[in-house]
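One structure is given here, and the rest of the page talks about it.
The values are calculated or read from the model by the stated rules, or taken from the named source; none is laboratory data. It should be emphasised that the depicted structure is a prediction, and the values quoted were computed from it without experimental measurement. FYI the Cβ positions are ideal-geometry reconstructions off the backbone, even for glycines, and counts take in every protein chain you see. To get the accessible areas, we keep the full protein, side chains included, count just its heavy atoms, and leave off ligands, DNA and RNA. Shrake-Rupley method; radii C 1.70, N 1.55, O 1.52, S 1.80 Å.
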Amino acid sequence: MTDDLAARISALMTRARADLAELVAIPSVADPRQYPPEKCREAAEWVAAAFTEAGLRDVHLAETPDGSHAVIGHRPPPPGAPTVLLYCHYDVQPPLDDTAWTSPPFELTERDGRWYGRGAADCKGNIVMHLTALRALGDDLPVGLKFVAEGSEEQGTGGLEDYLRGHTDELHADALLICDTGNAAVGVPTATTTLRGVANVVVTVSTLAGDLHSGMFGGPAPDALAALIRILDSLRGPDGATRIDGLDADAGWDGVGYDEQQFRADAAVLDGVDLMGSGTVADRLWARPAVTVLGIDCPPVVGSAAAVPATARARVSLRVPPGTDSAAAREALTAHLLAAAPWGARVEVEPEQIGSPFRAATDGPAYTALDKAAQEVYGKGLAFLGQGGSIPLCNVLAAAYPESEIVLMGVEEPRCLIHAPNESVDPGEIEHMAHVEALFLRHYAAARA
């Protein structure tokens, strides 16, 4: 039976590539300032049609409070069988600098055995993984299914989280497969057990009523950009580690590690450039806060004038490890930024979204079934790793369904370069993880019988 399932999935990979090509071609960035909203609607309708064809019922678009559309559907369980939720999201990150892409970001391109394109892994590759698993199983589906594809996950505007609070029955299931992560490396089946939370702010520095000629006033005139640089620099210690007053920056990770040389390769760190901070890579990735300056508003190099800047601002993101409250972390970040202002510069800090860290319980039947499926497909059991990213929905689901098991898995692995130029996916991971998912549904049904 397992070999037959593997053969069916292998035969479906041509269709999987065609599906992914169609999805990647839709620039479903959920930010109307950058892309037309109808592109997200187009992607949502594509997902709804595909999962209807794959056997789900009453698949529909549900508008969420942030204006995005979640795609929701279900299939009732056989008598006495459990129900599994399949999650993914169809929105993607913007491509950033198109010139940094070797091939067009919204055109699926095969190169060196990988498929390139924005969303190829995060998270349209996981959509195709779900479709391939369901098509391979066909009518032989041993569990009930609920399905949701989120439409604004990458923007962090919380549409699905807010929708869920008023529609808890729609997504309730015994096991929740949150397929927006992936394996530690190609060929290493992995469940993510912890996620860092996130706390973002925008900091604005003002020093002058308006820009001034740098020749006439430069020197004594307080430079807002220089003040902002000083403030941002204060967020790191001499070794580059995040140092924010009031936050523990020295915690350790007690799970599976992350080899430093492998990390350097995965992150494409340039030769001779040091990693930031101290401790193990896993400590720094999964157990400690990490600050990133996401963007700065200031005069660009091309077109800049000989003027002292009167204002400058930056968007600052703080990743928050499990065990730290995200709201408290944002308050600490805000207080630090205000206190670090030099020369009496005026500083305003505007809070953005927060997301709480997450830790999964791994001792239930869903994890046992997933480990068995991984053994059969990869010849090795599950690895348990942390992840530095944030999925705020996980905490909302955990609060809504405290008795349900939450499993984070998927096709993304370090070489995918999600959120960066030249994002890609290994098609073998789509094939193998679709096989794992299909076997999981069988094994979980048997475990709960």
Checklist entry - Which whole-number percentage describes the relative contact order of the chain, with Cα contacts under 8 Å and a sequence gap of 6 or more? => result 25 percent
Checklist outcome for this item: Taking protein heavy atoms only, a 1.4 Å probe, and rounding to whole percent, the accessible area of the chain owed to carbon and sulfur comes out at 52 percent
Checklist entry - Once the piece of chain linking residue 276 and residue 353 is laid out straight, how much longer is it, given 0.36 nm per residue of separation minus the C-alpha distance between them? => result 25.1 nm
Checklist outcome for this item: If the chain between residue 53 and residue 18 were fully extended at 0.36 nm per residue, the gain over the current Cα-Cα distance would be 11.1 nm
Checklist entry - Which distance in nm do the two modelled labels at residue 185 and residue 213 give, with both placed 7 Å along the Cα-to-Cβ direction? => result 6.2 nm
Checklist entry - What accessible area per residue comes out for the chain, rounded to a whole number of Å², with a 1.4 Å probe? => result 42 Å²
Item to check | Point-to-point label distance, residue 304-residue 447, nm (Cα→Cβ direction, 7 Å offset) | outcome: 5.6 nm
Checklist entry - What lysines could a cross-link reach from residue 372, if we take a straight Cα to Cα line under 24 Å and drop same-chain neighbours fewer than 8 places away? => result 146, 380
Checklist outcome for this item: If each K or R counts +1 and each D or E counts -1, the residues other than residue 395 whose Cβ falls under 11 Å of its Cβ total 0
Next on the checklist: Quick check: with the 1.4 Å probe, what order do 57, 41 take by accessible area, largest first?
Outcome noted: 57, 41
Checklist entry - Gain in length, residue 419 to residue 102, computed as 0.36 nm per residue apart minus the alpha-carbon separation, to one decimal in nm? => result 112.6 nm
Checklist entry - Around residue 94, what is the net charge, scoring Lys/Arg as +1 and Asp/Glu as -1 over all other residues with Cβ under 11 Å from its Cβ? => result -3
Next on the checklist: With n ≥ 4 as the cut-off for DSSP H runs, can you work out [θ] at 222 nm for the chain, using -39500 (n - 2.57) per run divided by the number of residues, rounded to the nearest 500?
Outcome noted: -9500 deg cm²/dmol
Checklist outcome for this item: Between residue 38 and residue 335, the two model label points (7 Å from Cα along the beta-carbon direction) sit apart by a distance in nm of 5.1 nm
Item to check | Average Cα contact separation per residue, region 171-329, under 8 Å, 6 or more apart, as relative contact order % | outcome: 38 percent
Checklist entry - So how tilted is helix 37-53 from the main axis of the chain? Cα-based, degrees 0 to 90, rounded to 10. => result 20 degrees
Checklist entry - Where does region 250-363 land on Rg/Rh, using Cα atoms and the Kirkwood Rh? => result 1.05
